[in-house]
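Heads up: the structure comes next, in structure tokens.
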Amino acid sequence: MQWQEVRTIFPDQYVLLEVLDSHTEDNIQYVKDVAIVRTIQDPSEATKELLKCKDNNIVYHTGQEEITIEMRRPPF
């Protein structure tokens with residue numbers, strides 16, 4: 001599902017997503033296609049879920065026009 005579709009169906013909500021398609025430019029990952037896992041009503045629950053995310057799962061708010069993720073490398 002495209003991010004714009006998710007924003008239309010679930011306006012002004014946090015959603016737990018699985019990233020299905022994305023590309024990276026200059027350490028920024030641009031997400032194009034997602035699968036909805038579930039919506040999250042409580043902002044504190046959204047934060048807790050975000051901290052538990054791994055692999056291709058993320059929590060994002062539908063108020064954002066696009067999904068961009070800054071890719072950080074661990075310090076050496």
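The values are calculated or read from the model by the stated rules, or taken from the named source; none is laboratory data. Please read all numbers here as calculations on a predicted model, not as lab measurements. All Cβ positions, glycine included, derive from the backbone under ideal geometry; neighbour counts span all protein chains shown. Just so you know, the surface numbers come from the protein's heavy atoms only, side chains and all, with ligands and any DNA or RNA stripped out. Shrake-Rupley method; radii C 1.70, N 1.55, O 1.52, S 1.80 Å.
Of all residues in segment 1-15, those that are closer than 10 Å to TYR60 by Cβ have Cβ atoms under 7 Å from Cβ atoms of residues that are part of a helix (DSSP H, G or I) and open to solvent by less than 60 Å² (accessible area, probe 1.4 Å), 6 or more apart or on another chain, in TYR14/ALA46; VAL15/VAL6. Of all residues in segment 18-44, exactly one satisfies the criterion of being in a helix (DSSP H, G or I) and touching a residue at least 24 places away in the same chain (Cβ under 8 Å), namely PRO43.
Could you say whether any residue in segment 6-20 is open to solvent by less than 80 Å² (accessible area, probe 1.4 Å) and aromatic (Phe, Trp, Tyr)? Yes, segment 6-20 contains at least one residue that is open to solvent by less than 80 Å² (accessible area, probe 1.4 Å) and aromatic (Phe, Trp, Tyr). Selection of segment 25-48 for residues being surrounded by 10 or more Cβ atoms within 10 Å (Cβ to Cβ) and within 19 Å of GLU65 (Cβ to Cβ) yields ILE28, GLN29, TYR30, VAL31, LYS32, ASP33, VAL34, ILE36, THR39, ALA46.
Scanning segment 49-76 for residues that are exposed (fewer than 13 other Cβ atoms within 10 Å of the Cβ), free of Cβ contacts under 8 Å to residues at least 12 places away in the same chain and not in a loop (DSSP other than H, G, I, E, B) turns up LEU51, LYS52.
Quick check on LYS54: is it within 21 Å of PRO11 (Cα to Cα), modelled with pLDDT under 95 and not hydrophobic (A, V, I, L, M, F, W, C)? Against the criterion (within 21 Å of PRO11 (Cα to Cα), modelled with pLDDT under 95 and not hydrophobic (A, V, I, L, M, F, W, C)), LYS54 does not qualify.
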